[in-house]
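Worksheet: the structure to be examined is printed underneath.
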Amino acid sequence: MRARATAVGAVGSLAVLAVAWQVGTLLDAGQSPGGTASPAATTTATPGASASPATDGSFVGAVENTRYGTVQVKVVVAGGKITDVVALHLTDQGGRSVQLSNYAAPILRSAVIKSQSAKVSNVSGATYTSKAYLLSVQSALDKAGL
Amino acid sequence: MSIDDTGAIRLSTPPPDHEARYRRRARIGDALVVALWLSSAVAVALFLVSGGTARFGSVSDAVTSVGIMTGLVGTNLVLAMFILAARVPFIDRAVGHDRAIAVHRALGKPAFYLLLSHGVILLVGYGLASGLNPIAEIGPLLAIPDMPLAIVGMALLVVVVVTSFVSVRRRFSYETWHLTHLLSYAAVIASVPHQLSIGSVFSPFSFERAYWLALYVLAFGAILTHRLVEPLASSLRHRLRVGRIVTEAPGVVSIYLTGRRLRSLESAGGQFFIWRFWTLGTWWHSHPISLSAMATDTEMRITVRDLGGGSRSISAVRPGTRVWFEGPYGVFTDAGRTAPRLAIVVAGIGITPVRALLEDSTLRPGEATILLRASTLDDTFLWGEILQLAERKGVEVTTMIGPRARTGPGWMTQADADRGLTILGLFPDLLESDLYLCGPTPWLDLVEADARAAGIPDHQIHAERFDW
């Protein structure tokens, strides 16, 4: 009796986990910031490919919502180049978010300035913050025509 | 309390189908085991479906996710342990308090190691993400809101677990150990804020959060209801006091407790209560003791022997002493039966629950056989009552008096061992019987081993060990 119950429980648990993994993957594909294409992100932003010439100045990016709070950045453009990225708001919901934001933002900022684009890799351990940060950068770059 | 004629009324009801009832209880027990497994799986599943699957992309993310999942499963097991220790009547009836506590103990170490690894794995995961080694990561970890409290909780848990290791527990009195064990509630409560605020797991208004809060309410609700409110209300309602005290044999007394509406407690013969006698020397000490006769509406009886400090002070309580109690508990009862026949082996003070069990059992003539065992004539207390009941219910009784054999089966007398008596000789139908054993642990272990060697299935053995 007992052994059978344990076996049923173990197999049932594995089934629950397998289903959960599938469902989680599906939900994630539908929800991740990269998946829900915002209109701003669809326009190409490769330097040089843009038709309109870049304007100097500060460009405020879109507010991106994550489960850990909103993210918004301002991109400073001078001489057609990204010279700075200023975080206006970073993920701050949940105990570790502030720490992670403070850790990830400088890394993302220098990566964006170095590559002159929003197409840089996420900071590991701060996936949500990274994705939202880069989306906001991209929308600012779109406004700047970069 | 006399052996009244309620037995005659009970005899007229058809005998219960013990096997069918056992199968039903076993199914409930199985369902509980499955539920325990599934609840752990659900804990992980909820994490996976609410964003967890996306968090295996990098090494640090994967390590962190594993750390979160160990914490979730560990917490789930701790909450299950609370429910198992809460003496929920439904669980007590289905599997018995003994087995519930056995599972509670078995879960202790896995839960503890899961929660410890939760902390360690997350230090590694966070460290990998921020480029720090796990030790250096402790600083930033402590800076996270609610984390210091959670670490206090973990430390309390360490104290609870260490004091429960068998070798350590022996050094403490039951009361000290029990008080320490209550720290586990504080430990879990201290851990709740970090679970709620480190929102990666429990973001506000999510199903996951609602599920976990419900689980906490269930576990703490079970403890509060069945370990505190219900016993307290019951103690106040029934107004139990010590009545007369009757000496049954040298060092053995029956304590009659008087109260009101005691039948509404619906205690079955063979069950025990946990008693608290309100005298200066005994109030802080609780004693699990079986009733030695069925309760009437106004009176209950327990029979105790002077062993150890606790039971001596009980036998010295004065009439009029207020008594609080928890219970009734246990499945050393007719409801615990699983097989068509009944074999009872009982020694010394172990007679008490058997006396009540016999009174409460519906038995076909010839269904049950009892072996009464005593070292000396002084240990034959309550035997007269058993013999009277047995005669009325058609129960066959064998008595065996004398010190334990040095050679052969050690639970018999030397004379019986020498003439080659076996447990199957005493109970020819043993394999289709429930074997109810009650007596001192070393003696009982020998009987149980003999019965197992004869081939009786585990579930047919019902043992109550009396060490006090």
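The values are calculated or read from the model by the stated rules, or taken from the named source; none is laboratory data. Since the model is a prediction, treat every value here as computed from it, not as a measurement. Cβ atoms come from the backbone with ideal geometry, glycine included; neighbour counts cover every protein chain shown.
Residues checked against (1) outside the structural domain of B:Leu38 (by TED's automatic domain parsing); (2) more than 24 Å from the chain's Cα centre (by Cα); (3) surrounded by 18 or more Cβ atoms within 10 Å (Cβ to Cβ):
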| residue | (1), (2), (3) |
| --- | --- |
| B:Pro193 | yes, yes, no |
| B:Ala210 | no, yes, no |
| B:Ala214 | no, yes, no |
| B:Leu218 | no, no, no |
| B:Gly221 | no, no, no |
| B:Leu224 | no, no, no |
| B:Thr247 | yes, yes, no |
| B:Val252 | yes, yes, yes |
| B:Leu262 | yes, no, yes |
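Picking from residues in region B:140-153 that are within 18 Å of A:Ala104 (Cα to Cα) and either under 41 Å from the mean Cα position of the chain (by Cα) or not hydrophobic (A, V, I, L, M, F, W, C) (or both), the one that is surrounded by the most Cβ atoms within 10 Å (Cβ to Cβ) is B:Leu141. Scanning region B:306-331 for residues that are without any contact (Cβ under 8 Å) to a residue 60 or more places away in the chain and not in a loop (DSSP other than H, G, I, E, B) turns up B:Gly309, B:Arg312, B:Ser313, B:Ile314. Scanning region B:46-69 for residues that are more than 7 Å from every other protein chain (Cβ to nearest Cβ) and under 37 Å from the mean Cα position of the chain (by Cα) yields B:Leu46, B:Phe47, B:Ser65, B:Val66, B:Gly67, B:Ile68, B:Met69. Scanning region B:291-304 for residues that are farther than 11 Å from B:Gly269 by Cα and crowded, with 22+ Cβ neighbours inside 10 Å yields B:Met300, B:Ile302, B:Thr303, B:Val304. In the set (1) in a loop (DSSP other than H, G, I, E, B); (2) surrounded by fewer than 21 Cβ atoms within 10 Å (Cβ to Cβ); (3) not aliphatic (A, V, I, L, M), the condition left unmet by B:Pro288 is number (1). Of the residues in region B:163-181, none is surrounded by 18 or more Cβ atoms within 10 Å (Cβ to Cβ), modelled with pLDDT of 85 or more, more than 22 Å from the chain's Cα centre (by Cα) and not charged (D, E, K, R). Is one or more of the residues making up region B:332-347 free of Cβ contacts under 8 Å to residues at least 60 places away in the same chain, outside the structural domain of B:Trp283 (by TED's automatic domain parsing) and either on the phi > 0 side of the Ramachandran plot or over 22 Å from the mean Cα position of the chain (by Cα) (or both)? There is no residue in region B:332-347 that is free of Cβ contacts under 8 Å to residues at least 60 places away in the same chain, outside the structural domain of B:Trp283 (by TED's automatic domain parsing) and either on the phi > 0 side of the Ramachandran plot or over 22 Å from the mean Cα position of the chain (by Cα) (or both). From the list B:Asp416, B:Asp429, the lone residue that is among the acidic types (Asp, Glu), surrounded by 14 or more Cβ atoms within 10 Å (Cβ to Cβ), touching a Pro at 6+ places or on another chain (Cβ under 9 Å) and closer than 23 Å to B:Arg23 by Cβ is B:Asp429. Only one entry in B:Ala62, B:Ala100, B:Ala45 is closer than 28 Å to B:Leu228 by Cβ and either part of a helix (DSSP H, G or I) or out of contact with any Cys (no Cβ under 9 Å at 6 or more places or on another chain) (or both), namely B:Ala100. For region A:89-118, what are the residues that are surrounded by fewer than 16 Cβ atoms within 10 Å (Cβ to Cβ) and closer than 14 Å to A:Leu135 by Cβ? Once the filter is applied, which keeps residues that are surrounded by fewer than 16 Cβ atoms within 10 Å (Cβ to Cβ) and closer than 14 Å to A:Leu135 by Cβ, region A:89-118 yields only A:His89.
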